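Okay, structure first, notes after.
Just so it is clear, none of the values below were taken in a lab; they were calculated from the coordinates. Treat the numbers as computed from the prediction; the structure is a model and nothing was measured. Neighbour counts run over all protein chains shown; Cβ positions are idealised from the backbone, glycine included.
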Amino acid sequence: MYQKKFEDMESLTEELIEKLIARGFTSVESLCWLNEEELAEKIDIDQDLAKKIISEAISFVDQKPLSAVDLLAKEEKRQKISTGSELLDELLGGGIYTGEITEISGEFAAGKTQICFHMSINVQLNQEKGGLNGGVYYIDTEGTFSSTRIAQIAQSNGLNPDDFLKNIAVTRTYNSDHLIFLVMNVEKLIKERNIKLFIIDSIASHFRAEYTGNEKLVSRQQAVMKLAETLKQLVGRLDIAIVVTNQVIATIDENIFDKSPHPALGFAWAHRPHQRILLRKGRGQARIARLYDSSRLPDRECIFFITEKGISDKEK
Ligand SMILES: Nc1ncnc2c1ncn2[C@@H]1O[C@H](COP(=O)(O)OP(=O)(O)O)[C@@H](O)[C@H]1O
Ligand SMILES: [Mg+2]
C-alpha cells in the first residue's frame, strides 16, 4: 500500500517537515494523535495552522473499519515476552504481550522492579527462549534501576551481562512533566533502537509526590489521563509491549468493604491497562500474583519466587 508522506501534505512546508522530523515525528499518522495546542507548541506555529495540519493528516489516514476476522489475525500476531516464571507467564496467557499495556502493582518490595529487570533481559533473547530480539527503554522514576542487579540475573542464567546491558536505554526522570515529555517523544528512540519493551517504573511516584491535597486532584487526574492516553496510542501503533509498575494505597474509606490495598492514581488510570496484576508478599522470597479485570483472561493467582537468578518458579 502506498504510504502518504509529509511531502504529500499541502499544509506543510519544507521547513515545517524538518521541524517535525527533528521533534521525532516519523509518519503522517503520528500527527493525528496530537491536539492543536500540542502541535503548535512543538513546532512553534500558531494554533490555526496546527489545526489545519492535524485535519489534513487525519483525512490522509485510512479510516476504513477492519473486519473482526482481520482483527483476529492482528491479535494472533501479537507476541509475548517471558517474565522468567512459567507460572506467571501462564497467568498472563503466555507472557507479557506486545500491543498491550501491562500494569504490575504491589506493596514495597513485592517484586515489581525485579520483574522489570528480568524482562529487560528476556526480551532480548530469541523467540524460542521467550524473547523478541528487541531492546528496552526503561524510565526510572524512583531511582531504583540497578545495572548491577541486571548483570547478576544475566550472569546467573549463563548470559554475558555486557551483551544485555548495552541494549537497555535508561532515563531517570525528575518530575511528572519530564516523564510526560519523554513519553510524548519516545517514538523515534523506539524505532531507532528496535525497542520491544518499554518500562515505566513506576508511573505513580511523581504524581503522588507533586500533587498533594484534594485541591490538586483534578489537575493530577488531567496529567495522568494525558500520559495514559499517550501510552495507549503508542502501544496501539507500535509493535511493543508497555509495562508500567504502580504503587498501592490502602483503602481508608470506612464505607468500602474491601480494605485490601489497590493500585494508585484512581479512575484516570484504572481502565487503561489491558492486563493488571497485583503482587503481594508470601513467606520468604515467595510472591503471589493476582490477575484481575482482564478483557481476555479470568481472574486467577499464582506463586513465584524472587531469587538470585531473578524471577523463578523455584525457591532455590
Ligand atoms: N540479588 C537478589 N537476590 C535475591 N533477591 C533479591 C535480590 N535483589 C532483590 N531481591 C529481592 O527483591 C525484593 C524487592 O523487590 P523489588 O522488585 O525491588 O520491589 P518493588 O515491588 O518495591 O519494586 C526484596 O524482597 C529482595 O529481597
Ligand atoms: Mg520498585
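Quick notes on this structure:
- Taking all Cα pairs closer than 8 Å and separated by 6 or more residues, the relative contact order of the chain comes to 21 percent.
- Working note: Karplus 6.51/-1.76/1.60 with θ = phi - 60° gives the stretch 201-209 the couplings 10, 10, 7, 8, 4, 4, 4, 6, 6 Hz, where Gly and Pro are set to x.
- Check: the chain dipole with +1 on Lys, Arg Cβ and -1 on Asp, Glu Cβ, in debye: 1160 debye
- Estimated [θ] at 222 nm from DSSP helical runs (n ≥ 4, -39500 (n - 2.57)) normalised by residues in the chain, nearest 500: -11000 deg cm²/dmol
- Trypsin sites (Lys or Arg not before Pro) restricted to the stretch 155-223 and DSSP loop, no more than 14 other C-beta within 10 Å: Lys166
- Where GluC sites (Glu not before Pro) in DSSP loops with at most 16 other Cβ within 10 Å are excluded, longest remaining stretch of the chain: 143-253
- Exposure proxy shown here: for Asp8, Asp89, Asp140, the number of other Cβ atoms within 10 Å sets the order, fewest to most, as Asp8, Asp140, Asp89.
- When exposed loop sites are taken as chymotrypsin sites (Phe, Trp or Tyr not before Pro) in a DSSP loop with at most 11 other Cβ atoms within 10 Å, the longest stretch of the chain clear of them is 3-107.
- Helical segments meeting 24 Å axial Cα length and Kyte-Doolittle -0.5 threshold in the chain (DSSP H): 217-237
- Rounded Å value of the spacing that divides the Cα centres of the stretch 110-157 and the stretch 1-53: 35 Å
- Looking at the chain, the DSSP beta bridges with both ends there are about 45 percent antiparallel.
- GNM top mover of Gly24, Gly131, Gly284 - the chain, alpha-carbon springs below 10 Å: Gly284
- The stretch 226-249 and the stretch 158-187: distance between their alpha carbon centers, rounded to Å: 14 Å
- Near the amide H of Gly135, within less than 5 Å, lie the amide hydrogens of Ile195, Lys196, Leu197, all on another chain or at least 5 residues away, with H placed in the peptide plane.
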